[in-house]
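Quick notes on the structure that follows.
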Amino acid sequence: MLQLPKRHDLELRYRSRLDEMSGPFPELSLVALDADTLADDGGVLVPAGTVGTVVYRHQGGEGLMVEFDEPRALVSVKPDQIRAA
């Protein structure tokens, strides 16, 4: 039989998710790089000023994963390496 999470478990998960979505650069924010940065795989250099989307926030926003379309890349940055686009 399917066992559903208890109400307080769901509320804690929801509140935790809200914390992840808040801050200066919540997930799905458009941001621009302040300096040329290597992609996580090391194969692509993403130029300063390139606009991308925050797709994941690490540790409450201390680190961010940003996806870029052109060039196609995924970059891990700290908030002081980007600005709102």
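The values are calculated or read from the model by the stated rules, or taken from the named source; none is laboratory data. These numbers come from a predicted model, not from an experiment. Ideal geometry is used to build each Cβ from the backbone, glycine not excepted, and the neighbour counts take in all protein chains shown.
Annotations
- Any hit, segment 63-71, residues being modelled with pLDDT of 90 or more, surrounded by 12 or more Cβ atoms within 10 Å (Cβ to Cβ) and assigned to a loop (DSSP other than H, G, I, E, B): yes
- Unmet requirement for SER76, which otherwise passes all of (1) surrounded by 13 or more Cβ atoms within 10 Å (Cβ to Cβ); (2) among the small types (Gly, Ala, Ser); (3) assigned to a loop (DSSP other than H, G, I, E, B); (4) modelled with pLDDT of 90 or more: (3)
- Selection count where residues are acidic (Asp, Glu) and either under 8 Å from the mean Cα position of the chain (by Cα) or closer than 14 Å to ALA84 by Cα (or both), scope segment 33-66: 1
- Among residues that are modelled with pLDDT of 90 or more and either outside any strand (DSSP E or B) or surrounded by 12 or more Cβ atoms within 10 Å (Cβ to Cβ) (or both), ASP40 is included.
- Filtered residues of segment 43-56 (kept if surrounded by 17 or more Cβ atoms within 10 Å (Cβ to Cβ) and either over 11 Å from PRO26 (Cα atoms) or in contact with a Gly (Cβ under 7 Å, 6 or more places away or on another chain) (or both)): VAL46, THR50, GLY52
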